[in-house]
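So the structure is just underneath, and the comments pick up after that.
The values are calculated or read from the model by the stated rules, or taken from the named source; none is laboratory data. All values derive from a computational prediction rather than experimental measurement. Here the Cβ positions follow ideal geometry from the backbone for every residue, glycine too, while neighbour counts run over all protein chains shown.
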Amino acid sequence: MKVIPTKEGIKQVLARHRALGQTIGLVPTMGALHDGHLALVKQSISASDVTVVSIFVNPTQFNDTQDLERYPRTLDKDLALLEAAGVDYVFVPDVMEMYPEQAVLKFDFGRLETTLEGEFRPGHFNGVGIVVSKLFHIIQPTQVYFGQKDLQQVAVIRRLIRDLSFDLEMVVVPTLREEDGLAMSSRNTLLSKEARALAPIVYESLSRAKDELLKGAKWFDVKKQIEALYREQPKLRLEYFELVQSDSMEIAQTLNDHDSFAICTACGIDGIRLIDNLFVA
Ligand code: AMP
C-alpha cells in the first residue's frame, strides 16, 4: 500500500493503471475509520481493480469551527486498517494541497440545500460538492463508494455526477451499525459514557416510527410521538425527524406505492451531533 500526499503523485501512479485498462475505485473519507468505512473499502476491493481511499478532513464542509477542531484524527491507526484490508493507495493531502487558494466557486443544490442537513448546516453541501469534485478530477475513478448513512449526501453527489457529467458509477453501501443499532460514525468516539448510553434512541426512534407507519399510523402522529420521546431527555436535542422521498429528499407526509421513502433524523447528544436514516419500504 502506498500513502501519497500530493495530487501529482497520485495522478502519476493512477495514470499507469489507467493505461493498463484497469478500473479504479475511490472511497472518499475524513478518516477516524471504523467498520462502516471498511464496508465501502471491501466493496471497492471486490469490484474494482485498484482501490484508492482518500483521507481528508475537509474544512469547507464544516459550518462550525469547533466541530472541525475536535473532529477525531487517527491517521496511523487508519493506515494500519487500510493496509490490512488490502487497499492499494491512500491519498492523504493537507489543506494547502487541496486548497492552494480559497475556492470561490459555489454550488447550489436547490431544495437539497434548504432541507434537513442543508437547513441545519448552511454551506455544508457546497463544501462537499467542491471537495468531491476535486477528488473526482484528481483520481478519475471508475467507481465511487458512498454510505447510505449520509443519504442526503448521496442525493447531492448523484446530482453533481449528473449535472457535471462525471463519467463514473456511484455505489451506495448500506449503513453498518453497532450491536445496539447505533450507526457507526467517527463522531461516536466523542460521546461521553453517558451520551453513548443515550445514543441508541436514534435508531430505536427510526425503527419505531417505521413500524408505526407500516401499521398504518399517520406520519403527523408518529412524528409527534417521537418528538415527545426526545423531550423527556434533557441531554437530547432533536434537530429534525422527517419522512422523505428518498431520491429527491423532498419531505413527505404519507407513503405511496410508487416512490421509495426514508425517515431521516439528526440530533445532538450532549453537544455531539449524530445523523441516521432508515428506508421505510
Ligand atoms: P466520513 O469519513 O464520515 O466522511 O464517511 C466517509 C464515507 O463512509 C461516507 O460515504 C459515509 O457515508 C460512509 N459511512 C460513514 N459511516 C458509515 C456506516 N456506519 N456505514 C456505512 N457507511 C458509512
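So the values come out like this:
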| item | result |
| --- | --- |
| Checklist (1) more than 24 Å from Arg196 (Cβ to Cβ); (2) in contact (Cβ under 8 Å) with a residue 40 or more places away in the chain; (3) exposed (fewer than 15 other Cβ atoms within 10 Å of the Cβ) applied to Phe220, failing item | (2) |
| All positions within the range 136-146 that are near the ligand (Cβ under 10 Å from one of its atoms) and closer than 11 Å to Ile24 by Cβ | Val144 |
| Boolean, Phe136 is assigned to a loop (DSSP other than H, G, I, E, B) and aromatic (Phe, Trp, Tyr) | no |
| Residues of the range 147-196 classified as among the acidic types (Asp, Glu), away from the ligand (no atom under 13 Å from the Cβ), under 16 Å from Leu274 (Cβ atoms) and in a loop (DSSP other than H, G, I, E, B), total | 1 |
| Residue within the range 98-107 that is assigned to a helix (DSSP H, G or I), within 19 Å of Val3 (Cα to Cα) and either within 18 Å of the chain's Cα centre (by Cα) or not β-branched (Val, Ile, Thr) (or both) present | yes |
| Residues of the range 229-255 that turn out to be touching a strand residue (DSSP E or B) at 6+ places or on another chain (Cβ under 9 Å) and either hydroxyl-bearing (Ser, Thr, Tyr) or within 24 Å of Gly110 (Cα to Cα) (or both), as a count | 16 |
| Subset of the range 43-59 (residues that are in a helix (DSSP H, G or I) and surrounded by fewer than 20 Cβ atoms within 10 Å (Cβ to Cβ)) | Gln43, Ile45, Ser46, Ala47, Pro59 |
| Options Gly110, Gly86; residue that is within 20 Å of the chain's Cα centre (by Cα) and either farther than 18 Å from Ile157 by Cα or exposed (fewer than 14 other Cβ atoms within 10 Å of the Cβ) (or both) | Gly110 |
| Failed item in (1) in contact with a helix residue (DSSP H, G or I) (Cβ under 9 Å, 6 or more places away or on another chain); (2) β-branched (Val, Ile, Thr); (3) closer than 26 Å to Gln148 by Cα, with Thr114 passing the rest | (1) |
| Any chance Leu75 is surrounded by fewer than 17 Cβ atoms within 10 Å (Cβ to Cβ), aliphatic (A, V, I, L, M), more than 23 Å from Leu182 (Cα to Cα) and within 15 Å of the ligand (Cβ to nearest atom) | yes |
| Any hit, the range 10-31, residues being away from the ligand (no atom under 15 Å from the Cβ), within 22 Å of the chain's Cα centre (by Cα) and surrounded by 14 or more Cβ atoms within 10 Å (Cβ to Cβ) | yes |
| The lone exception for Asp64 - which of (1) out of contact with any Asp or Glu (no Cβ under 6 Å at 6 or more places or on another chain); (2) away from the ligand (no atom under 13 Å from the Cβ); (3) modelled with pLDDT of 95 or more it fails | (3) |
| Pair list, Cβ < 9 Å and 6+ apart or interchain, from the range 128-154 residues that are within 21 Å of Ile10 (Cα to Cα) to residues that are in a helix (DSSP H, G or I) and among the aromatic types (Phe, Trp, Tyr) | Val144/Phe136 |
| Selected residue (criterion: farthest from Phe279 (Cα to Cα)) from residues of the range 197-226 that are away from the ligand (no atom under 16 Å from the Cβ), within 25 Å of the chain's Cα centre (by Cα) and of a type in the set (A, V, I, L, M) | Ala197 |
| Hits in the range 245-281 - residues which are part of a strand (DSSP E or B) and either touching a Ser or Thr at 6+ places or on another chain (Cβ under 8 Å) or of a type in the set (Lys, Arg) (or both) | Gln245, Ile251, Phe261, Ala262, Thr265, Arg273, Leu274, Ile275, Asp276, Asn277, Leu278, Phe279 |
